[in-house]
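Note sheet for the following structure.
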Amino acid sequence: MSSTLVEFRNLKTYFYTEAGVVQAVNDVSFSIRAGETVCIVGESGCGKSITAMSLMRLIASPPGKIVGGEILFEGRDLLKIKESEMRMIRGNEIAMIFQEPMTSLNPVLTVGDQIMEPLIEHTLLSKSEARKKAIQLIEQVGIPRADQIIDSYPHELSGGMRQRIMIAISLSCDPKLLIADEPTTALDVTIQAQILDLLRQLKKDRNMSLMLITHDLGVVAEMADYVVVMYAGKVIEEGPVKEIFKNPRHPYTKGLLLAKPVIGQRKERLFTIPGQVPNPIGLGENCHYSDRCEHAMDICRASQPALQKDGADSKVACWLYEGEGAK
Amino acid sequence: MSDVILEVKDLKKYFPIRSGVFQRTIGHVKAVDQISFTMKRGETLGLVGESGCGKSTAGRTIIRLYDKTEGHVLYNGRDIHQLPPKELRKLRPKMQYVFQDPFSSLNPRVKVGEAIGEAVVDHGLCSKAEIREKVLEVLNICGLAPYHYDRYPHEFSGGQRQRIGIARALILQPDFIVLDEPVSALDVSIQAQIINLLSDLQQQQNLTYLFISHDLSVVEHICSSVAVMYLGSIVEMASRDELFKNPLHPYTKALLSAVPIPDPTITRERIFLKGDIPSPANPPQGCKFHTRCPVAADRCRTEVPVYREVGPEHHVACHLV
Ligand SMILES: Nc1ncnc2c1ncn2[C@@H]1O[C@H](COP(=O)(O)OP(=O)(O)OP(=O)(O)O)[C@@H](O)[C@H]1O
Ligand SMILES: Nc1ncnc2c1ncn2[C@@H]1O[C@H](COP(=O)(O)OP(=O)(O)OP(=O)(O)O)[C@@H](O)[C@H]1O
Ligand code: SF4
Ligand code: SF4
Ligand SMILES: [Mg+2]
Ligand SMILES: [Mg+2]
């Protein structure tokens, strides 16, 4: 098995708002191994993006604050290093692409300038060498006429092309980890298929790790080696992708898989999970899923189940499986 | 009863592109470019296709939220684009539109109960005295509680706001509803609740739906027939089972193959489309799909394929079919 690249240990990231404290990421632990794709799934607001932003140390403070835990990158705790060191890691060893490429590209700079900037900053390339490398990168992400595209502005490109440019920028310094936060949510399915294929290819060629945030279970099945399911700021289940889909353990994971309509498997009626996610402010000491769970027991309403080993490489946080992991 | 409720004939909706100080028209966005289809009462037609292909514009022009450029829309046999304003106003409650974005379609300062009742009072369908009763009834049908009446939109979750949008349409006792991406913004667990609600309402009230979506798995679940649009035109239309089992148009095939299947043990043959969707202001000559079509032949670049029936209620526009 390959080595661990990133390890989240009991990460807690909170937001201090007028209405109260939002425990956006609440005691999250999981690892990403070298060369592996880990998908983070879960309902809107469950803390996926904030987990990624914490890793990048891009949490705006105030209102946000990382209040506890460690994030080990190649064994080093990123939460303890100086901002200047972090700046070298960001973009160089860890890169991130976002959901909406238009808002993360600078509208007044050509795409070439934007690809070349980190190259010149992080490597010791001259301007003309950087330009050459930028053209190569644009070709690598599958955009034709790279020598012309390099001088165009973001608004002159389609959504799919902009997302490719974002990927080109993020790859410019050969990162060991690429974080992609809903990279295809704003794109059409035919363009999504192109981008996912590109990410898969690049990951293979470069033996890069990929932390892919998505709410689309289809994308998870297609891309993930390992899956982390979050609910209300916590990891409630994790495991190898085949295990998660074939043998989901947590009632929420099971519900999600049943609620999603699947082409070619039409049912008269969809399974539904009743209710909605709890208010993130003032969450209690209960299982946060208990008011929607059909298996909820007294203990679920009184105390929170811990994330425990359940099978060779899986974990689940649910009272139904309490004690089983030890077997 | 399989009577026809809606007949769309060669419908076009062009938007002018203006430029310069005099705002001269320099061209047109052919958002809807000669589409034709028929809908039976009680059915759900799915309108699918990628962003900008004209789905919302078609939905809006069909119920005359937009004036047409050309063509006809017969609603129960009457051309709604020919109706005088008074007649149209009488018909309005019967044809409703539920918007894509439940957030922006609600006034933040109006209590939800009042927002739902507004149009009923406007149309004089109900007295002021009865209105609260009626709204409460509709809230209940849509899975909301009586106390929600006096709440404001920001106090509701995405799924609840979508329920409010549906309640607002439903209270007018429509026959025909255009549902524009009603579940696209919602999480899977909430999406399933709304889809089931829509199915129940349809059965209880014999509603006819035009269901606009880019999510083919949702469309397969809820629709009885499906029309696929590309750059303003319908390129293929068939019953649900026929379209999903026997897609004929190369674009439909590519679209279906691009949907990720939530099963990691399946690896599918995928048809990759090259390039991007061309602009509807300047669509390609001949078959509009030829710039991306994996099987395009020479004649595709010059000759427009005719949209025709190739099997029982299965229509396609492609030279190779
Ligand atoms: N700047 C902020 N101030 C206050 N609360 C915040 C802030 N940013 C995020 N949150 C809260 O933190 C929680 C986690 O947010 P996060 O963006 O990680 O969700 P997510 O899982 O990425 O959701 P989505 O799928 O919608 O992107 C949410 O409850 C959110 O409201
Ligand atoms: N009011 C308008 N004025 C000018 N052009 C418009 C207008 N409304 C839509 N268009 C253009 O018409 C085309 C079709 O737009 P429409 O909104 O119908 O697409 P759609 O299929 O609903 O897309 P989406 O999936 O993104 O909602 C687009 O090119 C759009 O830019
Ligand atoms: S701990 Fe209890 S409430 Fe929570 S998911 Fe398990 S059974 Fe359901
Ligand atoms: S007509 Fe030609 S270009 Fe158009 S879809 Fe058919 S084969 Fe492709
Ligand atoms: Mg997010
Ligand atoms: Mg639309």
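The values are calculated or read from the model by the stated rules, or taken from the named source; none is laboratory data. If you're wondering where the values come from, they're calculated on a predicted model, not measured in any experiment. Here the Cβ is made from the backbone with ideal geometry for all residues, glycine too, and neighbour counts use every protein chain on show. To get the accessible areas, we keep the full protein, side chains included, count just its heavy atoms, and leave off ligands, DNA and RNA. Shrake-Rupley method; radii C 1.70, N 1.55, O 1.52, S 1.80 Å.
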Selection from the stretch A:273-301 of residues part of a loop (DSSP other than H, G, I, E, B) and open to solvent by 50 Å² or more (accessible area, probe 1.4 Å) yields A:Pro274, A:Gln276, A:Val277, A:Asn279, A:Pro280, A:Gly282, A:Glu285, A:Asp291, A:Glu294, A:His295, A:Met297
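Residue by residue, here is whether (1) within 16 Å of ligand 4 (Cβ to nearest atom); (2) out of contact with any Leu (no Cβ under 6 Å at 6 or more places or on another chain); (3) of a type in the set (D, E, K, R) holds:
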position	(1), (2), (3)
B:Asp3	no, yes, yes
B:Tyr14	no, yes, no
B:Gly27	no, yes, no
B:Asp33	yes, yes, yes
B:Asp67	no, yes, yes
Pairing a residue in the stretch B:294-321 that is in contact (Cβ under 8 Å) with a residue 24 or more places away in the chain and open to solvent by 50 Å² or more (accessible area, probe 1.4 Å) with any residue that is part of a helix (DSSP H, G or I) and more than 16 Å from ligand 3 (Cβ to nearest atom), where Cβ atoms lie under 6 Å and the two sit 6 or more apart in sequence or on different chains, gives B:Val295/B:Pro250
Picking from B:Gly54, B:Gly77, the residue that is on the phi > 0 side of the Ramachandran plot and surrounded by 22 or more Cβ atoms within 10 Å (Cβ to Cβ) would be B:Gly54
Flagged in the stretch A:157-179 as away from chain B (no Cβ under 14 Å), open to solvent by 30 Å² or more (accessible area, probe 1.4 Å) and over 18 Å from A:Gly35 (Cα atoms), in numbering order, are A:Ile169
Taking the stretch A:113-134 and keeping residues open to solvent by 40 Å² or more (accessible area, probe 1.4 Å), in a helix (DSSP H, G or I) and aliphatic (A, V, I, L, M) leaves A:Ile120
The lone condition A:Leu198 fails out of (1) away from ligand 6 (no atom under 16 Å from the Cβ); (2) hydrophobic (A, V, I, L, M, F, W, C); (3) open to solvent by 30 Å² or more (accessible area, probe 1.4 Å) is (3)
Filtering strands (runs of 3 or more DSSP E) wholly in the stretch B:173-283 for at least 3 residues that are closer than 27 Å to B:Lys9 by Cβ and more than 14 Å from every other protein chain (Cβ to nearest Cβ) gives B:176-180, B:208-212, B:233-239
If we keep only residues of the stretch A:253-272 that are more than 8 Å from chain B (Cβ to nearest Cβ) and part of a helix (DSSP H, G or I), then the residue least open to solvent (accessible area, probe 1.4 Å) is A:Thr253
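Yes or no, residue by residue, for (1) open to solvent by 60 Å² or more (accessible area, probe 1.4 Å); (2) free of Cβ contacts under 8 Å to residues at least 12 places away in the same chain; (3) more than 16 Å from ligand 4 (Cβ to nearest atom):
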site: A:Val28; (1), (2), (3): no, no, yes
site: A:Glu36; (1), (2), (3): no, no, yes
site: A:Gly45; (1), (2), (3): yes, no, yes
site: A:Ser61; (1), (2), (3): yes, yes, yes
site: A:Gly64; (1), (2), (3): no, no, yes
site: A:Ser84; (1), (2), (3): yes, yes, yes
site: A:Arg90; (1), (2), (3): no, no, yes
site: A:Val111; (1), (2), (3): no, no, yes
Restricting the stretch B:273-303 to residues that are of a type in the set (Lys, Arg) and within 16 Å of B:Tyr251 (Cα to Cα), the one farthest from ligand 1 (Cβ to nearest atom) turns out to be B:Arg301
Only unsatisfied item for A:Glu237, checking (1) open to solvent by less than 10 Å² (accessible area, probe 1.4 Å); (2) of a type outside the set (Lys, Arg); (3) out of contact with any His (no Cβ under 9 Å at 6 or more places or on another chain), is (3)
Only one of (1) within 16 Å of ligand 2 (Cβ to nearest atom); (2) in a loop (DSSP other than H, G, I, E, B) does not apply to B:His290, and that is (1)
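Let's see how each residue does on (1) away from ligand 3 (no atom under 12 Å from the Cβ); (2) closer than 30 Å to B:Ala258 by Cβ; (3) assigned by TED's automatic domain parsing to the domain that holds A:Val22; (4) in contact (Cβ under 8 Å) with a residue 60 or more places away in the chain:
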position	(1), (2), (3), (4)
A:Val229	no, yes, yes, yes
A:Glu238	yes, yes, yes, yes
A:Gln265	yes, yes, yes, no
A:Gly284	yes, no, yes, no
A:Ser290	no, no, yes, no
A:Met297	no, no, yes, no
Given (1) within 16 Å of ligand 1 (Cβ to nearest atom); (2) under 28 Å from B:Lys253 (Cα atoms), A:Leu202 misses just (1)
When every residue in the stretch A:52-66 that is closer than 13 Å to A:Tyr14 by Cβ and assigned to a loop (DSSP other than H, G, I, E, B) is compared, the one nearest to ligand 6 (Cβ to nearest atom) is A:Ala60
Taking the stretch B:44-65 and keeping only residues that are in contact with a Phe, Trp or Tyr (Cβ under 8 Å, 6 or more places away or on another chain) and away from ligand 4 (no atom under 16 Å from the Cβ), one is left with B:Thr44, B:Leu45, B:Gly46, B:Leu47, B:Thr57, B:Gly59, B:Arg60, B:Ile63, B:Leu65
Conditions (1) surrounded by fewer than 20 Cβ atoms within 10 Å (Cβ to Cβ); (2) free of Cβ contacts under 8 Å to residues at least 60 places away in the same chain; (3) within 30 Å of A:Ala19 (Cβ to Cβ) -> B:Gly124 fails only (3)
Of (1) in contact with a Leu (Cβ under 8 Å, 6 or more places away or on another chain); (2) over 25 Å from A:Val189 (Cβ atoms); (3) at pLDDT 95 or above, B:Gln202 fails just (1)
So the helices (runs of 4 or more DSSP H) completely within the stretch A:180-247 holding 3 or more residues that are closer than 22 Å to A:Leu105 by Cβ and within 13 Å of chain B (Cβ to nearest Cβ) are A:189-206
Original post:
over 28 Å from B:Gln203 (Cβ atoms), out of contact with any helix residue (DSSP H, G or I) (no Cβ under 7 Å at 6 or more places or on another chain), of a type in the set (Val, Ile, Thr) and open to solvent by less than 50 Å² (accessible area, probe 1.4 Å): does that describe A:Val228?
Top reply: yes
